[in-house]
Amino acid sequence: GAGVSQSPRYKVAKRGQDVALRCDPISGHVSLFWYQQALGQGPEFLTYFQNEAQLDKSGLPSDRFFAERPEGSVSTLKIQRTQQEDSAVYLCASSLSPAPPQHFGDGTRLSIL
Amino acid sequence: GIQVEQSPPDLILQEGANSTLRCNFSDSVNNLQWFHQNPWGQLINLFYIPSGTKQNGRLSATTVATERYSLLYISSSQTTDSGVYFCAVDNYGQNFVFGPGTRLSVLP
């Protein structure tokens, strides 16, 4: 597609459930980023892939968060045993090279009840 | 890590007015982008501007890297300009650090 696609657009889960969020980057984009945006704040970096290699995962808040990009295209962010503080918008971005500009998807709004 | 500040935090304008948004950062940066997040949450890339000046229609941006700030100018504002404007920088890493944003409301 023309832009970064994320699914689902909205996700509601009960505390303790596992969730998986999908990101389809712009075709041919080497770099892929995940960010977390809490209500009223700016996005915060979670993790970065260059092709299939996860080069930086320093922003993942706990070991319950896991991301993968096995074929260097689609990426999945998984959150295990969700907690209420995981409620946020999860944004995916891609760029043609490791350098900007980064292009963002519309995000997945996750609500943990 | 690098700190990013944005001012003002909130701005209310009448349609047609001009405004200047500021982004200050605490260290030298390799890259800087300005984004507009519209009321539907979409994050739109406005400018990739690590230095110098760029213009796109009613918007323009200037980054003075040596003095560690960037400015976003909005002229003849329209109601569709409402939303949150973010500055994001990276200091030679791969990920961006976002500022807290400026919330702009343009009134008809």
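The values are calculated or read from the model by the stated rules, or taken from the named source; none is laboratory data. Since we're looking at a predicted model, the values are computed, not measured. Here Cβ is always computed from backbone atoms with ideal geometry, including for glycine, and neighbour counts include all displayed protein chains. Side chains included, ligands, DNA and RNA excluded: accessible areas come from the protein's heavy atoms. Shrake-Rupley method; radii C 1.70, N 1.55, O 1.52, S 1.80 Å.
Some notes on this structure:
- The set of residues in the stretch A:70-113 being open to solvent by 10 Å² or more (accessible area, probe 1.4 Å), within 14 Å of chain B (Cβ to nearest Cβ) and outside any strand (DSSP E or B) consists of A:LEU96, A:SER97, A:PRO98, A:ALA99, A:PRO100, A:PRO101, A:ASP106.
- Neighbours by Cβ (under 9 Å, 6+ apart or cross-chain): first from the stretch A:69-86, within 15 Å of A:PHE49 (Cα to Cα) and in contact (Cβ under 8 Å) with a residue 24 or more places away in the chain; second part of a helix (DSSP H, G or I) and of a type outside the set (Lys, Arg): none
- Matching residues in the stretch B:28-43 - criterion: being out of contact with any Gly (no Cβ under 8 Å at 6 or more places or on another chain) and surrounded by fewer than 13 Cβ atoms within 10 Å (Cβ to Cβ): B:SER28, B:TRP40
- Test: B:GLN42 is at negative phi, at pLDDT 95 or above and not small (Gly, Ala, Ser): no
- Being within 11 Å of chain A (Cβ to nearest Cβ), in contact with a Phe, Trp or Tyr (Cβ under 6 Å, 6 or more places away or on another chain) and outside any loop (DSSP other than H, G, I, E, B) is a condition met by no residue of the stretch B:6-15.
- Scanning the stretch B:70-90 for residues that are open to solvent by 40 Å² or more (accessible area, probe 1.4 Å) and in a strand (DSSP E or B) gives a single hit, B:TYR73.
- Residue count, the stretch B:56-69 (criterion: within 13 Å of the chain's Cα centre (by Cα) and not β-branched (Val, Ile, Thr)): 4
- Among (1) at pLDDT 95 or above; (2) over 12 Å from the mean Cα position of the chain (by Cα) - the single one A:GLY28 does not satisfy: (1)
- Pairing residues of the stretch B:35-47 that are more than 9 Å from chain A (Cβ to nearest Cβ) with residues that are open to solvent by 60 Å² or more (accessible area, probe 1.4 Å) and assigned to a strand (DSSP E or B), at Cβ distances under 7 Å and at least 6 apart in sequence or on separate chains, gives B:HIS36/B:ILE44; B:ASN38/B:ILE44.
- In the stretch A:58-69, the qualifying residues are those that are closer than 26 Å to B:GLN42 by Cβ and open to solvent by 50 Å² or more (accessible area, probe 1.4 Å), and the one that is farthest from the other protein chains (Cβ to nearest Cβ) is A:GLU68.
- Test: residue in the stretch B:52-61 that is open to solvent by 80 Å² or more (accessible area, probe 1.4 Å), more than 30 Å from A:SER58 (Cβ to Cβ) and basic (Lys, Arg): yes
- Candidates B:THR20, B:THR66: the one that is part of a strand (DSSP E or B) and either in contact with an Asp or Glu (Cβ under 7 Å, 6 or more places away or on another chain) or of a type in the set (S, T, N, Q) (or both) is B:THR20.
- Whichever residue in the stretch B:66-99 is within 14 Å of another protein chain (Cβ to nearest Cβ) and of a type in the set (Phe, Trp, Tyr) and, among such residues, is nearest to B:GLY16 (Cα to Cα): B:TYR85
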